[in-house]
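Some notes on the structure that comes next.
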Amino acid sequence: MAEARTLGESLRHQGVSRRGFLKFCAATASVMALPPSMVPVMAAALEKARRPSLIWLSFQECTGCTESLTRSHAPTLEDLIFDFISLDYHHTLQAASGDAAEAAREKAMHENFGSYLLVVDGSLPNENNGYSTIAGISNLEMLKQTAEGAAAVIAVGTCAAFGGLPHAAPNPTNAVPVSEIITDKPLINVSGCPPIPAVISGVLAHYLIFGQLPELDALNRPLAFYGQSIHDRCYRRSFYDKGLFAETFDDEGAKKGWCLYRLGCKGPMTYNACATIKWNQGLSWPIESGHGCLGCSEPNFWDAGGFYRALSIPTADIAKTAGYAAATGVALGAAAGVMNRRKTSAAAEKHEIVTVDDLEKSS
Amino acid sequence: MNSTMDFLLWVRGPAFDVAVAIFVIGVLVRLLEIFLLGRRPYLSEARGSQLGPGLKTVATRFLAESGTLKRAAFTVIGGYIFHLGFFIALLLFVPHIELIHATFGIEWPGMPTPVIDAITVVTLVALIGLLIHRLAHPVLRFLSGFEDYLVWALTFLPLLTGYLAFHRLVNPYPLALGIHILSVEILLILFPFTKLMHTFTAFVARWYNGAMAGRRGVES
Ligand code: SF4
Ligand code: SF4
């Protein structure tokens, strides 16, 4: 449960030095694109921050988001934040189960009404409540109940943010994102399938430091992480600009690290921080590992016409259409030509020769 | 909320199909109509060949006649700029070559993207300049009808929307790209039924002029 200890006290309790703490603050500031002058401010704010209660609800999801967030190696900012936050309810991470778990959720909601953070991963079935339930409570019902006393809602992962995989055609459960159900709370979408761990911890840190959600883009994503497209930050961009593409995953171009556009890379439509923060402790990221971006932080990326087809390439068989159209055009053109000729010759036949004499006679 | 991606898929799918079909059928019907009308039989004896002068005229008419250039320098130069710019952007922008490669299997080297970007800006400026000139010049204005403004817009919009999509000035991206593709589809659909047909007929007319003059043994 949320307790009186501040973050500073809690860290010292865990044996984190002042120097280590400042290092974390600097890392967070750089990740969130804050100026270095903000570091002392952040440190002071975090030092005094009270341990917030956090309730994590999982709906139609694959646990990939939780996996992502827990896969960071210690000691990281993610650890720090997660150690600090009072994670009062999380199916996968909590020890309690059944009634005890639900009781913990209700207790946290009750004790911290109006101040707890609600994190959601997974989409909601908006058709038949029986599609997904927890302890006999439908997802929809649980979300509405829990959001009521939340200070803010954080939709983690593309499923919670935009519907994600459950929403992919034909969307059998009529899956909807959190934003379609909860409209009266500050809401932030941390999209990605899964999102980068540093992004979620960065958002939480921002909330702890400033007491509010960071600046958001049109899709309610934190601008600090989703402000630039993968394509604009991609280190393969110079090859794209020159028109040098890998044709297959193992040809010469691929070996030389050329652009993956032709292999379906969705970097041009995708806003995410992979190209800058990278994955696995900054080790690498999908495009660096040789595979095009799938566009996982964008709405409907599952239904964008195929992972291995570039976004601008027509989905229909245009060559075939053009062929049929050419045949039709020739046939129609020939028919029109014949008709025009008939018209011309009919007009020529009707043509009467009028002489001056004829004209004089008629007058 | 899924509408922008659906929109993009629609313009990349059925709409593209329809636009290409109308374009190909329309252009072929109109050209065949012209060819099948035929020419009047020549009754006189030929004084020269048709082939050489015909081809020569097709080529030489790319250059403006010096009198025209002097009298209407702005129109001529602006015209050159936007025609060239349009075709460079259309045929040498890397993603466009990709589209042609993916659909017809043929490809050629493209130009560096930043160069295309600059050329597009110049082309847009030239087109805007020509439109202002057309509106400001009393005679040009008098001679201009709805169709002239329509074909101007049909040419301008694909360039403008392409520029906006490339620089992500419209969001979300699938919408920006979808609008760009749609503007091209509108161009393709209206192409055969407007003055834009001059893309093909200009060469037919030049050929006839040159060939006719050649047969008579005169300069065209
Ligand atoms: S690999 Fe993808 S993101 Fe990188 S330049 Fe090519 S298309 Fe853009
Ligand atoms: S590179 Fe693209 S698909 Fe891969 S994780 Fe990043 S945003 Fe998602």
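Kindly provide the set of residues from the stretch A:217-248 that are in contact with a helix residue (DSSP H, G or I) (Cβ under 9 Å, 6 or more places away or on another chain), more than 9 Å from chain B (Cβ to nearest Cβ) and more than 16 Å from ligand 1 (Cβ to nearest atom), ordered by number.
Result: A:ASN220, A:ARG221, A:PRO222, A:ALA224, A:PHE225.
Consider only pairs whose beta carbons are under 6 Å apart and that are at least six residues apart or on different chains; among these, list those whose first residue lies in the stretch A:297-320 and is more than 14 Å from ligand 1 (Cβ to nearest atom) and modelled with pLDDT under 85 and whose second residue is aromatic (Phe, Trp, Tyr) and outside any loop (DSSP other than H, G, I, E, B).
What qualifies is A:ALA316/B:PHE16.
If I filter the stretch A:304-323 for residues that are touching a His at 6+ places or on another chain (Cβ under 8 Å), farther than 15 Å from B:GLY105 by Cα, crowded, with 19+ Cβ neighbours inside 10 Å and facing chain B (nearest Cβ under 7 Å), do I get at least one hit?
No: the stretch A:304-323 contains no residue that is touching a His at 6+ places or on another chain (Cβ under 8 Å), farther than 15 Å from B:GLY105 by Cα, crowded, with 19+ Cβ neighbours inside 10 Å and facing chain B (nearest Cβ under 7 Å).
Restricting the stretch A:125-154 to residues that are touching a Gly at 6+ places or on another chain (Cβ under 9 Å) and under 27 Å from A:ALA198 (Cβ atoms), which is surrounded by the most Cβ atoms within 10 Å (Cβ to Cβ)?
Checked the stretch A:125-154; the qualifying residue surrounded by the most Cβ atoms within 10 Å (Cβ to Cβ) is A:ALA150.
Counting just the residues of the stretch A:252-289 that are β-branched (Val, Ile, Thr) and away from chain B (no Cβ under 14 Å), which one comes out farthest from ligand 1 (Cβ to nearest atom)?
A:ILE277
Which one of these is modelled with pLDDT of 90 or more and more than 25 Å from the chain's Cα centre (by Cα): A:LYS266, A:LYS255?
Going through A:LYS266, A:LYS255 in turn, just one is modelled with pLDDT of 90 or more and more than 25 Å from the chain's Cα centre (by Cα): A:LYS255.
Do we find a residue being modelled with pLDDT under 85, among the charged types (D, E, K, R), over 12 Å from A:HIS206 (Cα atoms) and not assigned by TED's automatic domain parsing to the domain that holds A:LYS278 anywhere in the stretch A:51-63?
yes
Counting only residues that are in contact with a His (Cβ under 8 Å, 6 or more places away or on another chain) and either without any contact (Cβ under 8 Å) to a residue 40 or more places away in the chain or closer than 30 Å to A:ALA310 by Cα (or both), give me the helices (runs of 4 or more DSSP H) lying completely in the stretch B:122-220 with at least 3 of them.
In the stretch B:122-220, the matching helices (runs of 4 or more DSSP H) lie at B:146-166.
If you check A:ILE287, A:ILE277, A:ILE318, which single one turns out to be away from ligand 2 (no atom under 13 Å from the Cβ) and among the hydrophobic types (A, V, I, L, M, F, W, C)?
Of the residues listed, the single one that is away from ligand 2 (no atom under 13 Å from the Cβ) and among the hydrophobic types (A, V, I, L, M, F, W, C) is A:ILE318.
Being away from every other protein chain (no Cβ under 14 Å), part of a helix (DSSP H, G or I) and over 26 Å from A:LYS320 (Cα atoms) is the requirement here; does B:LEU55 meet it?
Yes, satisfied.
If A:LEU294 meets every condition in (1) among the aliphatic types (A, V, I, L, M); (2) more than 15 Å from the chain's Cα centre (by Cα); (3) within 16 Å of ligand 2 (Cβ to nearest atom) apart from one, which number is that one?
(2)
Hey, among the residues in the stretch B:24-39 that are open to solvent by 50 Å² or more (accessible area, probe 1.4 Å) and not aliphatic (A, V, I, L, M), which one's nearest to the other protein chains (Cβ to nearest Cβ)?
B:GLU33
For the subset of the stretch B:124-165 comprising residues that are within 14 Å of B:GLY79 (Cβ to Cβ) and touching a Lys or Arg at 6+ places or on another chain (Cβ under 7 Å), which member is most open to solvent (accessible area, probe 1.4 Å)?
Per the criteria, the residue is B:ARG134.
Is it fair to say A:ALA275 is under 15 Å from the mean Cα position of the chain (by Cα), surrounded by 19 or more Cβ atoms within 10 Å (Cβ to Cβ) and either touching a residue at least 40 places away in the same chain (Cβ under 8 Å) or more than 18 Å from A:SER312 (Cβ to Cβ) (or both)?
Here the answer is yes, as A:ALA275 does meet what is asked.
Would you mind listing the helices (runs of 4 or more DSSP H) fully within the stretch A:1-71 where at least 1 residues are among the charged types (D, E, K, R) and within 20 Å of the chain's Cα centre (by Cα)?
Correct list: A:64-70.
How many of the residues making up the stretch A:290-303 are out of contact with any Leu (no Cβ under 8 Å at 6 or more places or on another chain) and facing chain B (nearest Cβ under 7 Å)?
Count: 1.
Mind listing just one residue for me: the one in the stretch A:155-170 that is open to solvent by 30 Å² or more (accessible area, probe 1.4 Å) and part of a loop (DSSP other than H, G, I, E, B) and, of those, farthest from A:GLY130 (Cα to Cα)?
Only one residue fits best here, namely A:ALA169.
For residues in the stretch A:106-120 being within 29 Å of the chain's Cα centre (by Cα) and under 13 Å from A:PRO52 (Cβ atoms), which is most open to solvent (accessible area, probe 1.4 Å)?
A:SER115
Within the stretch A:179-188, take every residue that is part of a loop (DSSP other than H, G, I, E, B) and within 14 Å of chain B (Cβ to nearest Cβ) and give me the one that is farthest from ligand 2 (Cβ to nearest atom).
Among those residues, the one meeting the criterion is A:THR183.
The values are calculated or read from the model by the stated rules, or taken from the named source; none is laboratory data. Just so it is clear, the structure is predicted and the values come from calculations on it, not from any experiment. Please note: Cβ atoms are built from the backbone with ideal geometry, for glycine as well, and neighbour counts cover all protein chains shown. Each accessible area value is taken on the protein alone, full model and side chains, heavy atoms only, with ligands, DNA and RNA left out. Shrake-Rupley method; radii C 1.70, N 1.55, O 1.52, S 1.80 Å.
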